[in-house]
Amino acid sequence: MDRYEKMLRDLEEMKNKEEISEQTYEEMKKKYEEKLKELEDSYFEEDETELELELEDLEDLGEKITMKVEKAVSNAMDKVHTMMSEMPGSFDPGRTYTTDEVYEGEFDTDQIHIDFSTINGHIDLKKWNQDTYKVVVTKKVRSLSEERAQKKLEKMKVEFEHQKNGKDVLELHAGGNTTVDITGYFPAVAKGGLLSKDQPIHYDLKLKSVNGHFSVIGLHAGDTKLETVNGRIGLEKVNARDLDAETMNGRIFLEDTEVERGSISTENGRLELLNARGNTMTASTENGSVRGKVSFHHAELTTENGSIRISPKEKGEYTLVTENGSIRIDLDRTVPYYVEAKTAMGRIKAASDLDATFKGKRYATVQHEDFEGAEQRISIDAETDMGSVKIY
C-alpha cells in the first residue's frame, strides 16, 4: 500500500512538472487508486464465513451493526487524513514546485541520535548499503509562476545540524505552513573506517509531525518516539528497544518487527501487527480494529469501537478488550493454551476440536490438556461488551 501511495505522489509530481499529459495522469491515477483500494480491502480480510452473520437474535444484529459502523469510521478517517496531508498547499492556486536539499556525512560512533521534525510533511527513514548517510529534504510550494515559486522556496528555511561531541546527533527541523518532506538513508551496520567492521549501528529516533506520516524500514533502534497528529505510522523489519508511537488520525502497523517494550496508540485508525514480536506491547485505538500475528511475552490489545483478531505464536500472556466489536482468536495447536472469554451482549463459539467449558452463552474457558505443566504456553483473557468471541 505504501508503494502505491508513493507512486501516486510521484505521478502527481510528474503531472505538475508537465512530464506527462493530463490524460495519461488521469488514466494512471485511476489504476493506482483502484489497486490501492483492492489492497486496502483485502488486508487482513476476514474469512467469508465470519462475514455471513445470521440475524438469529438481537446479539447478532448488534455485531453486524458494529462491523458496519467500524468500516464506515475507518473509511471516513482515511479520507480525513488524506485531505489533511494535502491541506498545506491546497489553498494556493497554480502548479506545485519542488526543490531538494541534500545533506550527507558519515558517523564516528555506532550510537546515533536522530531528531527530525516537520509541521506539514512525511518522514521516511530507511537503511541502505552505503557507509555514509544521506538526508533529502524536499520542499514544495504552489504558485502561479516559477519566479514566485523560487522566491517562496528560498524563504523556506530548514535547520540541519550534525553534532559530533562523543556522540553523533542529527537534528533537522522544518517549520512554516508549506510542505517539507524528509527522507533519510542510513547504514544498518558499520563497514570499516573508524567503526568496527560489521558492527550494528543503533539509532535513537525522535520524529515529530503534525500533518504527515512516518515510516522506518530496516534499522536497529534504541529509544524510539514517533508522534504525529494526522498520518499513519509504519515500521518494517525494525529492531527497537523502546518504542512509543502515537497518532490521532491514522493507522499504525508493524511488520516483521521486534520490540523489547512497545506502546502504540491512535484515536482514529486501525492497528496492524504482522509478524510482530518482543517482550511487552501495549496497543490501543478508540475507533478501529486490531489485527495481529504476534509473539509477545505480555501484550494488551484494546479498542473501544472495533473488532480484534489475533494469531498468537510461541509463549505469551494476552489481554484483549473491546467495547463494541467481536473478538476472534486463532490458536496454534502446537503450543499449550488457556483462553478465558467473556461477553456482555453476544455469543461465544469454539472450534469443535477444542476442550471448551461453557457457563451460559456469555462465559467460557478453553484449556489445552498440557497447559498446567508447560513452560511454553499461551494465556489469553478476552472480553467484549457487545459482540461475539470466536476461538478457532
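In whole angstrom, the stretch 139-189 maps to an equivalent ellipsoid with semi-axes of 30, 12, 8, each derived as √(5λ) from the alpha carbon gyration tensor and ordered largest first.
Can you give the FRET efficiency to the nearest 0.05 for E314 and E5, using r as the Cβ-Cβ distance and R₀ = 30 Å?
Here the calculated transfer efficiency is 0.35.
Multiplying the residue separation of D355 and A374 by 0.36 nm and removing their Cα-Cα distance gives an extension gain of 5.2 nm.
Less than 10 Å Cβ to Cβ from E314, Lys/Arg counted +1 and Asp/Glu -1: what total charge do the surrounding residues give? Taking every other residue near E314 into account, the sum is +3. Summing charges over all other residues whose Cβ lies under 9 Å from the Cβ of G184, with Lys and Arg as +1 and Asp and Glu as -1, gives +1. Using the empirical formula 2.2 N^0.38 Å as the baseline, the Cα radius of gyration of the stretch 213-392 reaches a ratio of 1.03. Computed packing ranks the peptides 140-153, 111-124 as 111-124, 140-153, most packed first, by mean other Cβ atoms within 10 Å. Put a dot 7 Å past the Cα of N129, heading toward its Cβ, do the same for F160, and the two dots end up 2.4 nm apart.
Here each label is just a point 7 Å from Cα along the line to Cβ, and for R95 and T183 those points are 2.0 nm apart. The packing ranking, built from the mean of other Cβ atoms within 10 Å per residue, places the peptides 322-331, 271-280 in the order 322-331, 271-280, highest first. Rounded to 0.05, the FRET efficiency of the Y25 and K151 pair, given R0 = 22 Å and the Cβ-Cβ distance, is 0.20.
Go through 212-221, 19-28 and give me the packing order, highest mean Cβ count within 10 Å leading.
So the peptides 212-221, 19-28, ranked by packing, come out 212-221, 19-28.
Could you tell me the calculated FRET efficiency between D332 and H298, based on Cβ-Cβ distance and R0 = 22 angstrom, to the nearest 0.05? Efficiency computed from Cβ-Cβ geometry: 0.80.
A short reminder: the numbers here are calculations on the coordinates, not readings from a lab. For clarity, every value in this text was computed on a predicted model and none was experimentally measured. In this analysis, Cβ positions are derived from the backbone assuming ideal geometry, glycine residues included, and neighbour counts consider all displayed protein chains.
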